[in-house]
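Inspection log for the structure reproduced underneath, given as C-alpha cells.
The values are calculated or read from the model by the stated rules, or taken from the named source; none is laboratory data. These numbers come from a predicted model, not from an experiment. Note: ideal-geometry Cβ built from the backbone for every residue, glycine included; neighbour counts use all protein chains shown. For the accessible areas, the whole protein counts, side chains as well, though only heavy atoms, and no ligand, DNA or RNA atoms are used. Shrake-Rupley method; radii C 1.70, N 1.55, O 1.52, S 1.80 Å.
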Amino acid sequence: MAMKFSGYDAILIHGHAQVPTYLSIQPHKIEFKNAEALRGLSAEETGRLLSQMEEDAGIDLGIMSNIRIGQAGERLIRYASVVVDTYRHFGRLGMGAVMGSKNLKGIVVHGNQFYPIKENKKEYQKLYRDLYKRITETEVMEKYHTLGTPANILSLNAMKALPTRNLQQAQFEEAENISGENFAKITLIRKIACSGCPIGCIHLGLHRRQFSDGYDFESTVLSYDYELIFALGSFLGLSDPNDIYALIERVELHGLDAMSTGVILGWIAEAYEKKLISEKETETPVAFGEKDGFLKIISGIVEQSNEFYKTLASGSYAAAQKYGGVDFAMNYCKNEMAGYHTGYANLLGMAVGARHSHLDNAGYSIDQGLSEFDKEKIVDMLLEEEKERNVLNCLVICLFSRKIYDMKTVSECLNAVGISMSVEDLKTLGEKIFNLKVAIKKKMGFNYKKITFPKRFFETECLNGKLHEQMAHELLDLYIEKAGI
Amino acid sequence: MQASHLTKPKQEPISKKYKVLKADDMNKCIGCYSCMLACARIVHGDYSPNKSAIQIETRDGHKMVANICRGCFDPPCADACPTDALLPRTGGGVRYHADQCMGCGNCVKACSAQVIRWNSEEKRPIVCIQCGTCTQFCPHNVLSMEVRE
C-alpha cells in the first residue's frame, strides 16, 4: 500500500552496492543511503533504526513501510527471508539472500501521496461496501479472523497430514498442545491486520520466560501461524508452545525462512540419530523434542562456523548430497516442504509449481476435496489453480481471501477503478504468466522431466493412504503433457 | 486576523442531537485502516489513507492509537481561522466550508491535539466533520459516535 501511494507500481534494483546500503523511496526522490551502522544487526533492530533514521531526516513519512534483512540475508543463506514491517515476511525462496548479495540491508517506502478517485465513483463505493460486508459479515473468512491458520493443526493431524518428526509420522501424538486452540488459550494477546484489510489474521502471542532467579522475566510478542508451528513444532517433535516460540524468535531475529529452517533442522535431527553426522559437524547434541540443540544450530547456520554450516547455507538438498540422507531431506526441487502430507495433488503441485510452494496451486486443498483418486482431474485442477493464482498474485490479492476474489469479482473490481478486463481477459493473462514462468525456469536450467521425490514421501502414510513413486511419476508425465511444457 | 473571528456567528441553531467521534476501545483495534480508507474514500474522494481525518498509528508493533478530532466545544482551529472557513459546531468540533478557506494553515498549528493534517498539494486542511462514516467501517466497533446534548 505504501508503494502505491509513493507513486510506484514496481521497483527493480539493478547491480549491487559497494558498502551496506538502504534505499529510501519518496514520491519524487529515490536515495541510496549508507547503512554501515546496520551491518550485522537483527531484522528487528534494523527495522526500528530504518524508521528512526528516516524520521530524523525530516521526511514526511506518510504510510511508511519498510522491508529489511537480518544477518542471514547478509551472509547469503539461501533461505534468508525479508521481514516486512513488523509481523509479515517474504519468507520463501531466499529473497533475503538476493538483497544481501546487493549489499542492500533494507528499503523504506514513504507512501505520502494522494490518489483522487476520478472514475466510476458510484460503482467503486458500492462495490467496496459490498466486498467489505462479504469479508466481515459472512462466514467465508471466518477461519482467518478466529483461530487463524493454526486451526489447521488439529484438522490436518486428524486426517494424517501433519508432517511430524521429519515426516517419519503424519500424526503428532501431542498435537493438542500445539493446536491453534491451545496457542490462543495460553498465549494470544491480540490480533492485528495488514494495512487496509479488516480481517485481522495476524495472531500475536506472548513469549514470556524467566531469565534469572528473583522473578526476572523477559517477554516478547511474536506472530504465529500454522506453517511456523508445523516447521518449528511437530516437524521437530516439539510440543511446548514456549519451545516453539523460542525457535520462532531466533528465526525471526536472524531473518531466516521459518519453513525451510524447520525442515532443515528435521533432516539434521534424523541424520544425527542415524549417525550420518555427529557433534563434530553440529557442535551440539541434537534430538527431536529437544529445543536447545535446534537453537544452537540456527545460530550456527547464520554464524557459518564450520564446513557443515557452510554447506547448510545452501539448504537440505545440498547438505544431504554431501552427508547422506537424500531420502529423508524433505524438499521439492531443493525447496523445503510445506506442512502438508495430503496426497498426490500436494506432492505433484509442490514439485511443478513455479515457486515449489504449496501456494502455487494448492494441491493440499485439492487432496482434501477429491472424493476419489482421478489423475486427469488432479492435473487439470492444479493447472487451473496455478493460472488463476498468477492473476491474484499480480494484483497482490491475499490468497487467504481467494474465496472472495473469484475471477468475476476481480473483473468487477478492476472495472470499478477504470481498468476494463473481462473474466476471459484475466484467464488469458493467467495463462500468459504461467507460460512466462515456465520459460524462465527452463532458461535458468530447470528440467521438469528430471524431477525426483525424496523416498520418505512414499514411506509415511498420508491422508490418502500410502503414495507410490511410480504413480507420482505418471502424474508428472501427464502434467508435462497437459501443460505443454 | 483576530478581528474576523469576533464577527462570525458563534454557533449554529440546535436542530437535532449532535454526535462526536470517540475511540475509547483502542485495545480492540486491529490496525486495519478501514476507518482511514473510509474517510478518504467517502468523505474526501481519495483512495489514499493520507487523505483521512482519522489516523491510526502503531506503537511498539502491537499497540494501536487513534489520532482523531476531539470535538472541542471551543475549537482553537476555528478561533485561528481568519476567514470563517472553520466554524464551531454545536455539540463540539467544527464545520468546514472549503470555499471560504484561503489555505493559510493556521488551523493545523492551532489544533491542540495536533490532528489536523495538511493537504500540501491543494494547500487545504484535512478536517474531520464528525460525520461518523469511519465508525461504519470499523470491524470491531472500536469507534463510536457519542451523543452530546
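Taking 19 Å as the straight-line reach from the Cα of B:K28, the aspartates and glutamates in range (excluding those fewer than 8 positions away in the same chain) are A:E137, A:E142, B:E57, B:D60, B:E146.
Take the Cβ-Cβ distance between A:H473 and A:T428 as r, set R0 to 25 Å, and report the resulting FRET efficiency rounded to the nearest 0.05.
That gives a FRET efficiency of 0.20.
Which entries of A:K185/A:K291; A:K375/A:K455; A:K322/A:K450; A:K160/A:K375; A:K403/A:K482 show an alpha-carbon separation above 24 angstrom in the structure shown?
Details: A:K185/A:K291 22 Å; A:K375/A:K455 21 Å; A:K322/A:K450 20 Å; A:K160/A:K375 21 Å; A:K403/A:K482 26 Å.
Listed pairs above 24 Å: A:K403/A:K482.
Measuring nothing but protein heavy atoms, the accessible surface of the range A:143-332 at 1.4 Å probe radius is 49 percent carbon and sulfur.
Out of every Cα-Cα pair that the range A:254-399 contains, those further apart than 24 angstrom amount to 41 percent.
Calculate the mean, over all residues of peptide A:427-439, of how many other protein chain Cβ atoms lie within 10 angstrom of the residue's Cβ. Mind showing how you got there, number by number?
Values: counts 0, 0, 0, 0, 0, 0, 0, 0, 0, 0, 0, 0, 0.
Other-chain Cβ atoms within 10 Å of each residue's Cβ, averaged: 0.
Using protein chains only (no ligands, no nucleic acids) and a 1.4 Å probe, work out which residues of the range A:176-217 have their accessible area cut by at least 20 Å² relative to the chain alone. By number: A:R190, A:K191, A:I192, A:A193, A:S195, A:G196, A:P198.
Can you give the accessible area per residue of the range A:340-483, in Å², using a 1.4 Å probe?
Values: 7010 Å² over 144 residues.
Ligands and nucleic acids excluded, the result is 49 Å² per residue.
Per the Debye calculation on the range A:303-348 with a single equal scatterer at every Cα and no solvent contribution, log₁₀ I(q)/I(0) for q = 0.21 Å⁻¹ amounts to -0.72. Expressed as a fraction of 2.2 N^0.38 Å, the C-alpha radius of gyration for the range A:304-463 is 1.20.
Which number gives the lysine pairs in the range A:19-123 that have C-alpha atoms under 24 Å apart and are eight or more places apart or on different chains?
Working: A:K29/A:K102; A:K29/A:K105; A:K33/A:K102; A:K33/A:K105.
Going through the range A:19-123 pair by pair, I get 4.
The range A:360-416 and the range A:118-191 have Cα centres lying 17 Å from one another. On the principal axes of its alpha carbon atoms, the range A:256-310 extends 26, 23, 17 Å, with the longest extent given first.
Interface size between chain B and chain A, please: total buried accessible area, 1.4 Å probe, rounded to the nearest 100 Å². Can you show the working numbers first?
Numbers: alone 8470 and 22830 Å², together 28700 Å².
Buried surface at the B/A interface: approximately 2600 Å².
Per-residue ellipticity at 222 nm computed for chain A from its helices equals -13000 deg cm²/dmol, with DSSP H segments shorter than 4 residues left out and the rest contributing -39,500 (n - 2.57).
Averaged over B:43-54, how many beta carbons belonging to a partner chain fall within 10 Å of each residue's beta carbon? Can you show the working numbers first?
Working: counts 0, 3, 6, 6, 10, 12, 10, 9, 6, 0, 0, 0.
Taking all residues of B:43-54 together, the mean is 5.
When its C-alpha radius of gyration is set against 2.2 N^0.38 Å (N residues), the range A:1-125 gives a value of 1.12.
Based on the mean of other Cβ atoms within 10 Å per residue, sort peptides A:379-392, A:35-48 so the most packed one is first. All intermediate terms of the calculation are to be shown ahead of the outcome.
Working: A:379-392: 20.6, A:35-48: 18.4.
In decreasing order of mean packing, A:379-392, A:35-48 become A:379-392, A:35-48.
Rounded to the nearest 20 debye, the dipole magnitude of the range A:161-275 is 180 debye, with +1 charges on Lys and Arg beta carbons, -1 on Asp and Glu beta carbons, and the Cα centre as origin. If the cut-off is a Cα-Cα distance under 17 Å, which aspartates and glutamates reach B:K51, setting aside same-chain residues fewer than 8 apart in sequence? Answer for B:K51, where 17 Å is the Cα cut-off: A:D60, B:E121, B:E122, listed by chain and number. Normalised by 2.2 N^0.38 Å, where N is the number of residues, the alpha-carbon radius of gyration of the range A:143-332 equals 1.04. Taking Lys and Arg as +1 and Asp and Glu as -1, the other residues whose beta-carbon sits under 13 Å from that of A:S401 total +3. Taken over the C-alpha atoms, the protein assembly as shown has Rg and Dmax values of 27.0, 91 angstrom.
Ranked by the mean number of other Cβ atoms within 10 Å of their residues, highest first, the peptides A:2-9, A:21-28, A:77-84 fall in the order A:77-84, A:21-28, A:2-9.
Using a 10 Å cut-off on Cβ to Cβ distances, tally the other chain neighbours for every residue of B:29-41 and report the average as a whole number. Mind showing how you got there, number by number?
On the way: counts 4, 12, 10, 10, 8, 8, 1, 3, 6, 4, 0, 4, 6.
Shielding by partners across B:29-41 averages 6.
State the dimensionless ratio Rg/Rh of the range B:55-131 (Rg: radius of gyration of Cα atoms; Rh: Kirkwood radius).
Working: Rg = 13.0 Å, Rh = 12.9 Å.
On the Cα set of the range B:55-131, Rg over Rh gives 1.01.
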